[in-house]
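Step one of this worksheet: look at the structure below.
Bear in mind that the values in this text are calculations on the coordinates, not laboratory data. Computed from a predicted model, the values in this text were never measured in an experiment. Here the Cβ is made from the backbone with ideal geometry for all residues, glycine too, and neighbour counts use every protein chain on show.
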Amino acid sequence: MEITKLEQLGLNKNEAKIYLALLELTEAQAGKLSKKTQINRTTIYDSLERLIEKGLVSYTIQANKKVFHPTKPEKILENLRLQEKIAQEILPELNSILKETIEKEESDIHKGRKGIRSVLFDILNYKEYVAFGSSGNFLEIMQHDFEIFQKRKKELKIKARVILGESDRETESVKKAFSIFRFIPDEFSSPTTTFVYGNSTAIIIWGETPIATVIQSKDVAFSYLNHFNLMWKQAKP
């Protein structure tokens with residue numbers, strides 16, 4: 001029998017050799033096992049202890065000496081079933097740890113039209129979002145991508161609330177957008193555009209090469225959303 005198959009079932013190489021030798025011999029002392037497997041006696045005893053812990057080997061005392069016996073191979077299957085049961089029990093806790101790790105704060109930088117497009121299309125994965133600041137050169141820079149974004153948003157029935165400065169009220173980007181708008185005096189408006197969706201906050205600077213910083217943090221998104229809601233109450237339709 002190939003030792004590698006036993007290794008795949010959780011035994012190391014020496015344990016597999018010793019267990020197979022015991023199956024052939026039915027019983028043996030450590031010295032005899034050492035000769036048959038060509039494993040030194042110190043390692044033999046260490047491996048036998050581990051096999052006993054796994055329930056694959058037992059021993060009796062004969063003439064004041066330990067004589068080792070293999071247990072039935074079905075014990076391997078029992079061990080695997082026990083391991084599966086333990087794994088099922090701890091899976092919820094492991095997934096909880098993974099979720100906490102994923103939810104840790106991260107930030108990404110997206111540059112240029114393609115970078116902003118990736119941010120916009122990510123927003124389409126959410127049922128709603130809010131945005132505030134300045135429309136900047138949104139329509140001029142994004143061009144056809146802006147129209148695709150608005151069309152997909154309408155098809156997906158994504159709810160959007162947006163706060164802009166008064167000077168943006170009559171712009172094409174407002175007229176063509178599928179959103180609910182409110183406006184505030186320009187002196188209180190930001191030169192950037194901030195989107196809040198899910199646990200993400202995207203801050204876009206509309207320069208010659210637009211740059212978006214996306215912060216993935218539940219706490220940051222919650223803070224910006226509270227700020228938005230406060231402005232929303234003061235803004236005018």
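Structure values in brief
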read-out: Fraction of antiparallel bridges per DSSP, the stretch 106-234 only, in percent to nearest 5; value: 65 percent
read-out: Gain on full stretching of the segment that runs from residue 190 to residue 50 - 0.36 nm per residue minus C-alpha separation; value: 43.7 nm
read-out: Folded to 0 to 90 degrees: helix 112-123 orientation relative to the chain principal axis, Cα; value: 70 degrees
read-out: Charge dipole magnitude, Cβ of K and R +1, D and E -1 - the chain, Cα centre, debye nearest 20; value: 780 debye
read-out: Top positive-direction residue, dipole computed over the stretch 106-234 with Cβ charges, set 130, 146, 178; value: 178
read-out: Cβ crowding within 10 Å averaged over residues, with 142-152, 55-65 ranked highest first; value: 142-152, 55-65
read-out: Among 87-93, 106-112, the order from most to least packed when residues are scored by Cβ within 10 Å on average; value: 106-112, 87-93
read-out: The stretch 82-174 - charge dipole about Cα centre, Lys and Arg +1 at Cβ, Asp and Glu -1, debye rounded to 20; value: 380 debye
read-out: Using alpha-carbon coordinates, inclination of helix 218-234 to the longest axis of the chain, degrees; value: 20 degrees
read-out: Potential lengthening between residue 74 and residue 232 on full extension [0.36 nm per residue; Cα-Cα distance subtracted]; value: 50.1 nm
read-out: Most positive-pole-ward Cα, 55, 91, 158, against dipole of the chain from beta carbon charges; value: 55
read-out: Size of electric dipole in the stretch 126-175: Cβ of Lys, Arg +1 and of Asp, Glu -1, about Cα centre, debye, nearest 20; value: 440 debye
read-out: The chain, helix-only ellipticity at 222 nm - DSSP H runs n ≥ 4, -39,500 (n - 2.57), divided by all residues, nearest 500; value: -15500 deg cm²/dmol
read-out: Between 0 and 90°, nearest 10: helix 13-25 axis offset from the chain longest Cα axis; value: 40 degrees
read-out: Between the stretch 10-81 and the stretch 123-154, the Cα center-to-center distance that results, in Å; value: 68 Å
read-out: Candidate aspartates and glutamates for bridging to residue 13, where Cα separation is under 16 Å - those fewer than 8 sequence places away on the same chain excluded; value: 2, 46, 49
